[in-house]
Amino acid sequence: MTETQFTPRVFSGIQPSGNLHLGNYLGALKRFVDMQGPEFQTVYCMVDLHAITTWQDPKDLAHSTRELCAGFIAAGIDPEHSILFNQSQVPEHAQLAWVFNCVARMGWMQRMTQWKDKAGKNQQNASLGLFAYPSLMAADILIYHATHVPVGDDQKQHLELTRDIAIKFNNDFGVDFFPITEPVIEGTATRVMSLRDGSKKMSKSDTSDMSRINMTDDADAIAKKIRKAKTDPDALPSEIDGLEDRPEARNLVNIYAALNDQTAEQVLADVGGKQFGDFKPMLAELAVEKLSPISSEMARLMGEEAEIDQILARGAERARTIASPILQKTYEIVGMVGAGKS
């Protein structure tokens, strides 16, 4: 086989499950924005098909999809530069997923940590979609021949599965058709922790709204949550080793660093020796400066649902110009009669 040269292309998606928060912004959206530029073609998606692996109220799902789109745009995703759409408007995702269901092995899927965590001991009552969705995730990526995917630590296993599926497909059919996608794991605060418990990831499902900064929070709410964030009585260290066994301190330093495009080491060089009574106002001021314009723009966009729907429809059209030929070629490789005919 001759090695195929693939267009440098980034794909990533977020589930429209409501309550977009600071962890989503720093761990995903901000990184998506940073990857816009001449180096890659960027394709970003609201993965609404993934959302229904557990039951969703239809009205809530529609609202959350539009709100997530508003969050993408308000954070700095340019829908004229990046391709921005919701997954269900591009049927090629689900069509390629079926092919990949026939490539992936049961043992691969059973090893998925998120399947074990989400289904737990009640696996017999979990949906087939919840079991098989890593195959759909592989299709999401490979239907665009994406070469790079920005992922958090909790998604590395799924990207490894995507690579396994691509390798097996290429080997099974003697082709060099799907790229072996590279993960992009970087950034200071790719894993943002709860403001109430630095050992737990920031989550929309936490019963305490004070545990997270929602991207819809106004300036007053952002500042209040930071002022009341859990800390410890010691001063901030000047060296990164001083944050060991201090999860809340480490979390707040990482958030400051990520919002200010610094490393944690650079932040500590500036604030080492300060008490949290001095540091928290600095963090609150920075967070309000960076985040309140996003919440304001999200609110404006959510008042213009027709505008959001038009952006998603146009993005889906652009996505299909890439996805459709790749699906047709996949069908042709597999041996589907009529593949390649429009």
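The values are calculated or read from the model by the stated rules, or taken from the named source; none is laboratory data. Fair warning: this is a prediction, and the values are worked out from it, not measured in the lab. Reconstructed Cβ throughout: ideal geometry from the backbone, glycine too, with neighbour counts over all protein chains shown.
Within the option set 291, 301, being in contact with a helix residue (DSSP H, G or I) (Cβ under 7 Å, 6 or more places away or on another chain), in a helix (DSSP H, G or I) and closer than 29 Å to residue 143 by Cβ holds for one residue only, 301. Of the set (1) of a type in the set (Phe, Trp, Tyr); (2) at pLDDT below 90; (3) assigned to a loop (DSSP other than H, G, I, E, B), all apply to residue 115 but (3).
Which of the residues belonging to region 229-244 are buried (at least 16 other Cβ atoms within 10 Å of the Cβ) and either within 17 Å of residue 197 (Cα to Cα) or outside the structural domain of residue 213 (by TED's automatic domain parsing) (or both)? Answer for region 229-244, where residues must be buried (at least 16 other Cβ atoms within 10 Å of the Cβ) and either within 17 Å of residue 197 (Cα to Cα) or outside the structural domain of residue 213 (by TED's automatic domain parsing) (or both): 229, 230, 231, 243. When region 219-242 is filtered for residues that are assigned to a helix (DSSP H, G or I) and free of Cβ contacts under 8 Å to residues at least 24 places away in the same chain, the ones remaining, listed by number, are 220, 221, 224, 241. Contact annotation: residue pairs with Cβ atoms under 7 Å, 6 or more positions apart or on different chains, pairing a residue in region 177-206 that is under 22 Å from residue 17 (Cα atoms) and at pLDDT 85 or above with a partner that is loosely packed, with under 15 Cβ neighbours inside 10 Å and of a type in the set (D, E, K, R), are 193/200; 194/200.
Can you list residue pairs whose Cβ atoms sit under 8 Å apart, with the first residue in region 25-48 being at positive phi and the second being buried (at least 24 other Cβ atoms within 10 Å of the Cβ) and at pLDDT 95 or above? Count only pairs 6 or more apart in sequence or on different chains. Sorted first by the residue in region 25-48, then by its partner, the list stays empty. Scanning region 127-159 for residues that are touching a helix residue (DSSP H, G or I) at 6+ places or on another chain (Cβ under 7 Å) and β-branched (Val, Ile, Thr) turns up 141, 143, 149, 151.
Go through region 291-319 and give me each residue that's surrounded by 14 or more Cβ atoms within 10 Å (Cβ to Cβ), touching a Phe, Trp or Tyr at 6+ places or on another chain (Cβ under 9 Å) and closer than 30 Å to residue 147 by Cβ. Passing the criteria: 294, 311, 312, 314, 315, 316, 318, 319.
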